[in-house]
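Below is one structure, written out as structure tokens; comments come after it.
Where a number appears in this text, it was derived from the coordinates with a stated rule and is not lab data. Only a predicted model underlies this, so the values are computations on that prediction, with no experimental measurement involved. Because the Cβ atoms are built from the backbone with ideal geometry, glycine has one as well, and the counts that use them run over all protein chains shown.
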Ligand SMILES: Cc1cc2nc3c(=O)[nH]c(=O)nc-3n(C[C@H](O)[C@H](O)[C@H](O)COP(=O)(O)OP(=O)(O)OC[C@H]3O[C@@H](n4cnc5c(N)ncnc54)[C@H](O)[C@@H]3O)c2cc1C
């Protein structure tokens, strides 16, 4: 285990909370809803609301998580500017694919009644195949279901080509998990160049790219390309994380009449949020440095 990982594991909960606070709407569904309302009414920004949770193992905990998601659907159902994001590890994948798929299906079906979109987040490479299989099975039945693909993975180009016959919303990002050199690009500039290619490929295949990056030069490159290609403004969007300081960039996107959507996580219980955040920090220790820079302006 490397030193950075050990330091993150030893970090006390309150310190992790301090690190995380700019990125989290607060405690409880109400905090997520209030943040989504605030972003939309004040800035014209859309949200995808997510429950911060640790990997869930027991059926009892999985069911509790499903119930929270069903309550989120109820709480957000009259807000066309809000969608929901969720993760297989919170919804039963550790027990079985069939069980997880049924849990996902229940949430997607509930959201479909209100025309609300659900995005299936992508976790590390060990989950890519199963996540895509569950996505495709549920997408056959419901249109309000989208997925995430990670440009750093070599397989992603083929995954886009094999995605689905029906157009899908696809969040395309570099991927937060560090992956080995036999399966993934190692250099960030290469990952971002690949993301740009993937945006084009998604459009070629009729999909709706959700371009998730904070790299302003990449956002501008995508904007130029989308304009030149004449892609309608309701055929793609830009996505960023709550808390990453990109206010001017977000204003510029909104001013251009394009959608910008923020990932808005809330915590039901800080205990779970702290575990989850440690996992994210361990997956990408560089994030801790970015947070420090953001907090102290260095
Ligand atoms: C809406 C959304 C959903 C996502 N969903 C997934 C997912 O399902 N699966 C997955 O693997 N990854 C997901 N990610 C993470 C994504 O893959 C990247 O890890 C993350 O966006 C950073 O990549 P970047 O393109 O912004 O480039 P970077 O080079 O990492 O960031 C560019 C700049 O943005 C700033 N920045 C970026 N991230 C942070 C941060 N956390 N804190 C402070 N400053 C920051 C820094 O100034 C940095 O220099 C998601 C990202 C977004 C925006």
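Some points to look at:
- Principal axis dimensions, region 1-117 - Cα atoms, whole angstrom, descending: 47, 41, 20
- Highest-MSF residue in the chain out of 196, 154, 135 [GNM, Cα springs under 10 Å]: 154
- Overall Cα dimensions of the chain, principal axis frame, Å, largest first: 49, 47, 45
- FRET efficiency estimate (nearest 0.05) - Cβ-Cβ, residue 161 to residue 224, R0 25 angstrom: 0.50
- Comparing mean-square fluctuations of 42, 87, 192 from a GNM of the chain with C-alpha springs under 10 Å, the top value falls on 42.
- The distance separating the Cα centre of region 131-203 from that of region 205-228 comes to 14 Å.
- Contour minus Cα-Cα distance for residue 217 and residue 102 (0.36 nm per residue): 37.4 nm
- Using only Cα coordinates, the Kirkwood hydrodynamic radius of region 158-228 works out to 12.9 Å.
- Value at 222 nm in deg cm²/dmol, rounded to 500, when DSSP H runs of n ≥ 4 in the chain each add -39,500 (n - 2.57): -15500 deg cm²/dmol
- Under a Gaussian network description of the chain, with springs only between Cα atoms under 10 Å, the residue in 15, 76, 51 that fluctuates furthest is 15.
- Antiparallel content of DSSP bridges confined to region 3-293, in %, to 5: 5
- On the beta carbon distance between residue 61 and residue 137, with R0 = 30 Å, the FRET formula returns roughly 0.80.
- Panel order for 148, 130, 108, by other beta carbons found within 10 Å of each beta carbon, from fewest to most: 130, 148, 108.
- Cα gyration tensor shape of region 72-197, rounded if a/c is under 1.5, else prolate or oblate by comparing a/b with b/c: prolate
- Order of 249, 134 - criterion: other Cβ atoms within 10 Å of each residue's Cβ, fewest first: 249, 134
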